């Protein structure tokens, strides 16, 4: 990861926005939270790893019997764990050991989630099942690059989001657009806005993120 100023700003803003979306309110991170983001960036933790770790951290906290005040920096151990899993999988694929990082298990979990998604949203049932079937057909033994796996999953993830977005009714769309405008009032980054919009659609329908980064 190139540590240019532009990359740094985009990385920071993407993490801050993701944290806000998941907390369902606009948040300006505190100095200690800023330091956590800076640590992840300086350690060259890929942005998707950080975002997935935040998801897992908040999913775990949501199940806690005694909800406590949480800060972004509290997700640091989750970031370290997901990053370690990512590195293991990357090393295994590069060494020709396709399942050393548990890729088969990851694909099975994603398939189960897609089947559940199909049952929850009949209007998008076929699209969900089609992608689940594509996952089942992946030739694990032929995979040699984590980047190639992620690229394929990202393509299917985009198809899924597009399908659900097309099924949104007018009131849902108006509300999400309003939330997006409020969240990104001072941002004119088109790519970042598109990424945030897709995540808002994802969480609205509880669509699983198709990635090898822990599920």
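What follows is calculated from the coordinates using simple rules that are stated; it is not laboratory data. This one's a predicted model, so the numbers in the text were calculated from it and none came from an experiment. Virtual Cβ from ideal backbone geometry, glycine too; neighbours counted across all protein chains shown.
For every residue, the table says whether it meets (1) touching a strand residue (DSSP E or B) at 6+ places or on another chain (Cβ under 9 Å); (2) over 26 Å from residue 17 (Cβ atoms); (3) in contact (Cβ under 8 Å) with a residue 60 or more places away in the chain; (4) buried (at least 17 other Cβ atoms within 10 Å of the Cβ).
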position: 128; (1), (2), (3), (4): no, yes, no, yes
position: 147; (1), (2), (3), (4): no, no, no, no
position: 154; (1), (2), (3), (4): no, no, no, no
position: 165; (1), (2), (3), (4): no, no, no, yes
position: 179; (1), (2), (3), (4): no, no, no, yes
position: 183; (1), (2), (3), (4): no, no, yes, yes
position: 189; (1), (2), (3), (4): no, no, yes, no
Next item on the list: Would you please name the residue that is farthest from residue 165 (Cα to Cα), looking only at residues in region 191-213 that are in contact with a helix residue (DSSP H, G or I) (Cβ under 8 Å, 6 or more places away or on another chain) and without any contact (Cβ under 8 Å) to a residue 60 or more places away in the chain?
Entry: 193
Notebook entry, point to check: Would you pick out the residues in region 153-171 that are over 20 Å from residue 48 (Cα atoms), touching a helix residue (DSSP H, G or I) at 6+ places or on another chain (Cβ under 7 Å) and not in a loop (DSSP other than H, G, I, E, B)?
Noted result: 163, 164, 165
